[in-house]
Amino acid sequence: MWSSARQQTDGGDQRDAESPPGDPDTTARIIVLRMLDRSARTRAELATALARRGVPDDAAERVLNRFVEVGLIDDAALADGYALAQHRERGLAGRAVAQKLRRRGVPDDTLQAAVGLIDPESELATARALAARKLRSMGGLEPAAQARRLVGLLARKGYPSGLAYQVVREAIADLEVAEGEL
(Lines give C-alpha, C1' and ligand atoms only; values in the text may rest on other atoms or scores of the structure.)
Protein backbone atom coordinates (compact mmCIF):
# COMPACT_ATOMS: atom_id res chain seq x y z
CA MET A 1 0.00 0.00 0.00
CA TRP A 2 2.70 2.47 0.98
CA SER A 3 4.75 1.81 -2.12
CA SER A 4 1.79 2.30 -4.49
CA ALA A 5 0.82 5.55 -2.76
CA ARG A 6 4.42 6.65 -2.89
CA GLN A 7 4.63 5.80 -6.56
CA GLN A 8 1.54 7.87 -7.22
CA THR A 9 2.97 10.79 -5.29
CA ASP A 10 6.52 10.54 -6.62
CA GLY A 11 5.62 9.52 -10.14
CA GLY A 12 2.66 11.87 -10.39
CA ASP A 13 4.75 14.89 -11.20
CA GLN A 14 6.77 13.00 -13.77
CA ARG A 15 3.66 11.48 -15.35
CA ASP A 16 2.03 14.93 -15.49
CA ALA A 17 5.02 16.32 -17.34
CA GLU A 18 4.84 13.56 -19.94
CA SER A 19 1.08 13.37 -20.49
CA PRO A 20 -1.63 15.26 -18.64
CA PRO A 21 -4.49 13.29 -17.10
CA GLY A 22 -7.68 12.73 -19.07
CA ASP A 23 -9.89 15.15 -17.11
CA PRO A 24 -9.90 18.49 -19.03
CA ASP A 25 -10.38 20.58 -15.86
CA THR A 26 -7.41 18.91 -14.16
CA THR A 27 -5.33 19.30 -17.31
CA ALA A 28 -6.22 22.98 -17.51
CA ARG A 29 -5.47 23.50 -13.81
CA ILE A 30 -2.03 21.87 -14.16
CA ILE A 31 -1.13 23.92 -17.24
CA VAL A 32 -2.24 27.20 -15.67
CA LEU A 33 -0.46 26.53 -12.37
CA ARG A 34 2.78 25.70 -14.17
CA MET A 35 2.58 28.84 -16.26
CA LEU A 36 1.79 31.02 -13.25
CA ASP A 37 4.64 29.39 -11.35
CA ARG A 38 7.11 30.80 -13.89
CA SER A 39 5.67 34.31 -14.16
CA ALA A 40 2.49 36.35 -13.92
CA ARG A 41 0.27 35.95 -16.96
CA THR A 42 -2.85 37.61 -18.26
CA ARG A 43 -6.06 35.68 -18.58
CA ALA A 44 -5.79 35.99 -22.37
CA GLU A 45 -2.28 34.52 -22.41
CA LEU A 46 -3.43 31.59 -20.29
CA ALA A 47 -6.53 31.03 -22.47
CA THR A 48 -4.33 30.97 -25.57
CA ALA A 49 -1.97 28.45 -23.99
CA LEU A 50 -4.87 26.22 -22.97
CA ALA A 51 -6.35 26.34 -26.47
CA ARG A 52 -2.95 25.54 -27.98
CA ARG A 53 -2.70 22.49 -25.69
CA GLY A 54 -6.13 21.28 -26.82
CA VAL A 55 -8.07 21.95 -23.62
CA PRO A 56 -11.80 22.28 -24.40
CA ASP A 57 -13.11 25.85 -24.19
CA ASP A 58 -15.66 25.11 -21.47
CA ALA A 59 -13.05 23.50 -19.20
CA ALA A 60 -10.62 26.35 -19.83
CA GLU A 61 -13.31 28.90 -19.02
CA ARG A 62 -14.25 27.15 -15.75
CA VAL A 63 -10.64 26.91 -14.59
CA LEU A 64 -9.76 30.48 -15.59
CA ASN A 65 -12.89 31.84 -13.90
CA ARG A 66 -12.00 29.98 -10.72
CA PHE A 67 -8.41 31.27 -10.77
CA VAL A 68 -9.69 34.83 -11.24
CA GLU A 69 -12.16 34.29 -8.39
CA VAL A 70 -9.42 33.21 -5.96
CA GLY A 71 -7.06 35.97 -7.12
CA LEU A 72 -4.40 33.91 -8.89
CA ILE A 73 -5.16 35.70 -12.15
CA ASP A 74 -5.48 39.47 -11.81
CA ASP A 75 -5.09 41.38 -15.07
CA ALA A 76 -5.48 44.76 -13.38
CA ALA A 77 -2.68 44.17 -10.86
CA LEU A 78 -0.44 42.68 -13.54
CA ALA A 79 -1.08 45.62 -15.88
CA ASP A 80 -0.40 48.19 -13.16
CA GLY A 81 2.88 46.62 -12.11
CA TYR A 82 3.95 45.98 -15.69
CA ALA A 83 3.19 49.55 -16.80
CA LEU A 84 5.17 51.14 -14.00
CA ALA A 85 8.08 48.71 -14.37
CA GLN A 86 8.33 49.21 -18.13
CA HIS A 87 8.27 52.97 -17.67
CA ARG A 88 10.80 53.11 -14.84
CA GLU A 89 13.18 50.38 -15.93
CA ARG A 90 13.06 50.58 -19.73
CA GLY A 91 12.07 54.22 -20.15
CA LEU A 92 8.97 53.42 -22.19
CA ALA A 93 6.28 56.04 -22.69
CA GLY A 94 2.65 55.30 -21.91
CA ARG A 95 1.88 54.68 -25.58
CA ALA A 96 4.51 51.94 -25.88
CA VAL A 97 3.40 50.38 -22.60
CA ALA A 98 -0.22 50.35 -23.83
CA GLN A 99 0.87 48.60 -27.01
CA LYS A 100 2.72 45.91 -25.05
CA LEU A 101 -0.22 45.36 -22.71
CA ARG A 102 -2.61 45.15 -25.66
CA ARG A 103 -0.41 42.41 -27.17
CA ARG A 104 -0.65 40.53 -23.89
CA GLY A 105 -4.43 40.58 -24.13
CA VAL A 106 -5.19 43.06 -21.37
CA PRO A 107 -8.70 44.55 -21.77
CA ASP A 108 -8.78 48.20 -22.89
CA ASP A 109 -10.34 49.59 -19.71
CA THR A 110 -7.74 47.83 -17.56
CA LEU A 111 -4.99 48.93 -19.93
CA GLN A 112 -6.07 52.58 -19.80
CA ALA A 113 -6.13 52.53 -16.00
CA ALA A 114 -2.61 51.07 -15.88
CA VAL A 115 -1.20 53.54 -18.40
CA GLY A 116 -2.89 56.34 -16.45
CA LEU A 117 -0.47 55.62 -13.61
CA ILE A 118 2.33 57.06 -15.77
CA ASP A 119 1.98 60.80 -15.30
CA PRO A 120 3.07 63.33 -17.98
CA GLU A 121 5.76 64.85 -15.73
CA SER A 122 7.32 61.43 -15.25
CA GLU A 123 7.25 60.80 -19.01
CA LEU A 124 8.97 64.12 -19.65
CA ALA A 125 11.62 63.48 -17.00
CA THR A 126 12.26 59.97 -18.33
CA ALA A 127 12.55 61.25 -21.92
CA ARG A 128 15.03 63.90 -20.79
CA ALA A 129 17.11 61.33 -18.90
CA LEU A 130 17.16 58.98 -21.91
CA ALA A 131 18.21 61.79 -24.26
CA ALA A 132 20.91 63.09 -21.93
CA ARG A 133 22.36 59.63 -21.38
CA LYS A 134 22.44 58.82 -25.09
CA LEU A 135 23.79 62.24 -26.03
CA ARG A 136 26.89 61.68 -23.87
CA SER A 137 27.89 58.81 -26.16
CA MET A 138 27.46 60.85 -29.36
CA GLY A 139 30.29 63.31 -28.87
CA GLY A 140 31.81 63.12 -32.36
CA LEU A 141 28.59 63.52 -34.32
CA GLU A 142 27.17 66.68 -35.83
CA PRO A 143 24.19 68.20 -33.98
CA ALA A 144 21.80 67.25 -36.84
CA ALA A 145 22.87 63.60 -36.65
CA GLN A 146 22.59 63.67 -32.87
CA ALA A 147 19.08 65.09 -33.15
CA ARG A 148 17.97 62.43 -35.67
CA ARG A 149 19.28 59.60 -33.53
CA LEU A 150 17.80 60.97 -30.32
CA VAL A 151 14.37 61.56 -31.89
CA GLY A 152 14.52 58.00 -33.28
CA LEU A 153 15.38 56.62 -29.85
CA LEU A 154 12.50 58.44 -28.21
CA ALA A 155 10.10 57.42 -30.98
CA ARG A 156 11.03 53.74 -30.48
CA LYS A 157 10.30 54.17 -26.78
CA GLY A 158 6.81 55.46 -27.64
CA TYR A 159 7.20 59.18 -27.01
CA PRO A 160 5.09 61.52 -29.16
CA SER A 161 7.04 63.41 -31.82
CA GLY A 162 6.33 66.86 -30.33
CA LEU A 163 7.68 65.81 -26.95
CA ALA A 164 10.66 64.07 -28.56
CA TYR A 165 11.66 67.15 -30.57
CA GLN A 166 11.27 69.40 -27.52
CA VAL A 167 13.43 67.13 -25.36
CA VAL A 168 16.10 66.75 -28.06
CA ARG A 169 16.32 70.52 -28.66
CA GLU A 170 16.72 71.07 -24.91
CA ALA A 171 19.35 68.33 -24.57
CA ILE A 172 21.46 69.60 -27.47
CA ALA A 173 21.17 73.20 -26.25
CA ASP A 174 22.24 72.12 -22.75
CA LEU A 175 25.22 70.26 -24.22
CA GLU A 176 26.27 73.31 -26.27
CA VAL A 177 26.04 75.53 -23.17
CA ALA A 178 28.08 73.02 -21.15
CA GLU A 179 30.74 72.80 -23.88
CA GLY A 180 30.84 76.59 -24.14
CA GLU A 181 31.65 76.84 -20.44
CA LEU A 182 34.71 74.59 -20.83
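Bin by bin, in steps of 10 Å, what percent of the Cα pairs in the stretch 117-164 do you find, going until the bin that has the longest distance?
Histogramming the stretch 117-164 at 10 Å steps yields 27, 54, 17, 2 percent.
What part of the accessible area of the stretch 33-146, given as a whole %, is carbon or sulfur when the probe is 1.4 angstrom?
Carbon with sulfur: 50 percent of the solvent-accessible area.
Could you give me D for the stretch 79-158, from Stokes-Einstein at 10 °C and 1.306 mPa s, where the hydrodynamic radius is the Kirkwood radius over C-alpha pairs? Units µm² s⁻¹, please. Kindly include the intermediate steps, with their values, before the conclusion.
Working: Rh = 13.3 Å.
After rounding, the answer is 119 µm²/s.
Under a 1.4 Å probe, what is the accessible area of the stretch 131-182 per residue, stated in Å²?
Roughly 64 Å² per residue, with all protein chains present.
Can you work out D for the stretch 24-113 in µm² s⁻¹ from Stokes-Einstein, where Rh is the Kirkwood radius over C-alpha pairs, the temperature is 37 °C and the viscosity is 0.692 mPa s?
241
Normalised radius of gyration for the chain, please: alpha carbon Rg relative to 2.2 N^0.38 Å, two decimal places.
This ratio for the chain stands at 1.52.
Using the Karplus equation 6.51 cos²θ - 1.76 cosθ + 1.60 (θ = phi - 60°), what ³J(HN,Hα) coupling, rounded to whole Hz, does each residue of the stretch 150-157 give in order, writing x for Gly and Pro?
5, 5, x, 4, 5, 5, 5, 7
Determine the per residue accessible area of the stretch 36-122 with all protein chains present and a 1.4 angstrom probe, expressed in square angstrom. Present the calculation step by step, with values, prior to reporting the outcome.
Working: 4960 Å² over 87 residues.
In whole numbers, the stretch 36-122 has 57 Å² accessible per residue.
Output wanted: per-residue J couplings in Hz (rounded whole) for the stretch 69-75, from phi through Karplus 6.51 cos²θ - 1.76 cosθ + 1.60, θ = phi - 60°, x for Gly and Pro.
Result, rounded to whole Hz: 4, 8, x, 7, 10, 9, 4.
The values are calculated or read from the model by the stated rules, or taken from the named source; none is laboratory data. This is a predicted model, so every value here is computed, not measured. Please note that ligands, DNA and RNA were not included when accessible areas were found on the heavy atoms of the full protein model with its side chains. Shrake-Rupley method; radii C 1.70, N 1.55, O 1.52, S 1.80 Å.
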